[in-house]
Amino acid sequence: MSAAPIDVAALDELPDGEARLVTVDETGVALIRQGKEVFAIHDTCSHALESLSGGWIDEGRIECPRHGAAFRLSDGAALTPPATRAVPTFPVEVRDGRVLVTPTPSCPHPILDR
């Protein structure tokens, strides 16, 4: 049985192209709106444990503000060094103008979930 989605934000309060840090089941999650899509990615970089919500968003990716590692928003894949391991993503749905995130990650965090 999967976990129930958690209401984390109003869609109209999420600026396009910016990350917002939310908490989902005690986990920091960077919530990103790009056009009509909303993504939820673990907020902790898999390289240097930096908060990704303070990073830059561009063309379906988020860049860590510390060393510039980039991660794909759709699946958390590490796209550029120094990161070599993906970060978890979370299922997102928009219902009645609210953003809901399911707290089941796509994979364990490579550093935090050892």
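For region 3-17, which residues satisfy the criterion of being part of a loop (DSSP other than H, G, I, E, B) and either β-branched (Val, Ile, Thr) or farther than 14 Å from THR104 by Cα (or both)?
Of everything in region 3-17, those that are part of a loop (DSSP other than H, G, I, E, B) and either β-branched (Val, Ile, Thr) or farther than 14 Å from THR104 by Cα (or both) turn out to be LEU14, PRO15, GLY17.
Could you list, in sequence order, the residues of region 19-56 that are part of a loop (DSSP other than H, G, I, E, B), in contact (Cβ under 8 Å) with a residue 24 or more places away in the chain and either exposed (fewer than 14 other Cβ atoms within 10 Å of the Cβ) or basic (Lys, Arg) (or both)?
Of everything in region 19-56, those that are part of a loop (DSSP other than H, G, I, E, B), in contact (Cβ under 8 Å) with a residue 24 or more places away in the chain and either exposed (fewer than 14 other Cβ atoms within 10 Å of the Cβ) or basic (Lys, Arg) (or both) turn out to be ASP25, LEU49.
Which of the numbered conditions does HIS109 fail, given that it passes all the others? Conditions: (1) within 13 Å of LEU31 (Cα to Cα); (2) part of a loop (DSSP other than H, G, I, E, B); (3) not charged (D, E, K, R).
Of the numbered conditions (1) within 13 Å of LEU31 (Cα to Cα); (2) part of a loop (DSSP other than H, G, I, E, B); (3) not charged (D, E, K, R), the odd one out for HIS109 is (1).
Can you tell me which residue in region 5-18 is least open to solvent (accessible area, probe 1.4 Å), limited to those that are touching a residue at least 60 places away in the same chain (Cβ under 8 Å) and charged (D, E, K, R)?
ASP7
The values are calculated or read from the model by the stated rules, or taken from the named source; none is laboratory data. It should be emphasised that the depicted structure is a prediction, and the values quoted were computed from it without experimental measurement. Counting neighbours? That spans all protein chains shown, and the Cβs are built from the backbone with ideal geometry, glycine included. Calculation scope for accessible area: heavy atoms of the full protein, side chains included, ligands and nucleic acids excluded. Shrake-Rupley method; radii C 1.70, N 1.55, O 1.52, S 1.80 Å.
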